[in-house]
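Below: the structure, in structure tokens.
FYI, it's all coordinate maths here, none of it is from the lab. Please read these numbers as outputs of a predicted model, since none were measured by experiment. Here the Cβ positions follow ideal geometry from the backbone for every residue, glycine too, while neighbour counts run over all protein chains shown.
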Amino acid sequence: MAEDGFVEDTLWAGVERLRCWLDTHTDPALAGDLRLWRVLKISEELGEVSEAMHGATGANPRKGASHSWDDVHTELCDVVVASMMALATCTPDAAGLLDERLRHLIDRVMPPS
């Protein structure tokens with residue numbers, strides 16, 4: 001991340017733009033609890049990563065090498081974005097919460113010296 005926070009600000013601004021767009025384009029009759037649908041979207045994207053992994057490694061003999069590692073990378077990004085969208089839908093301080101959690105995880109394995 002850049003020292004001025006540019007990457008983080010741009011990243012979360014993009015997530016917020018997508019979240020707002022989805023909020024306004026979701027059919028109210030289907031929306032129900034948006035938190036539920038956004039969390040379930042993570043599972044959908046994870047399934048697509050699994051499919052891409054199978055295809056990149058040729059693990060499915062019926063399909064062979066149907067995907068590339070670039071496909072795996074793209075699908076992993078989709079999992080991250082879906083997760084950020086779900087977090088932003090569930091809490092107004094998604095960026096702060098993620099930062100706090102990441103710091104906790106880092107400190108757990110690499111205690112401050």
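If you wrap the tightest convex hull around every Cα atom of segment 6-109 and split its volume per residue, you get 141 Å³.
Among the GluC sites (Glu not before Pro) in segment 1-101, those placed in a DSSP loop whose Cβ has at most 11 other Cβ atoms within 10 Å are E3. Taking the Cα centre of the chain as origin and assigning +1 to Lys and Arg Cβ atoms and -1 to Asp and Glu Cβ atoms, the resulting dipole is close to 420 debye. Can you give the calculated 222 nm mean residue ellipticity of the chain, where each DSSP H run of n ≥ 4 adds -39,500 (n - 2.57) and the sum is split over every residue, rounded to the nearest 500 deg cm²/dmol? So the calculated ellipticity at 222 nm is -25500 deg cm²/dmol.
Full extension of the chain between S66 and M110 gives 11.9 nm of extra length, using 0.36 nm per residue less the Cα-Cα distance. With the simple spin-label model, which puts each label point 7 Å out from Cα in the Cβ direction, the L76 to S50 separation comes to 1.8 nm. Sorting I106, I42 from the fewest to the most surrounding beta carbons within 10 angstrom yields I106, I42.
When K63, K41 are sorted by how many other C-beta atoms sit within 10 angstrom of their C-beta, beginning with the fewest, the order is K63, K41. FRET efficiency for the T24 to T57 pair, using the beta carbon distance and R₀ = 41 Å, is estimated at 0.55.
Calculate, in nm to one decimal, what L97 and A13 gain on full extension: separation in residues at 0.36 nm each, minus their alpha carbon distance. Result: 28.7 nm gained on full extension. Across the chain, the mean sequence separation of Cα contacts (distance under 8 Å, 6 or more residues apart), normalised by length, yields a relative contact order of 27 percent.
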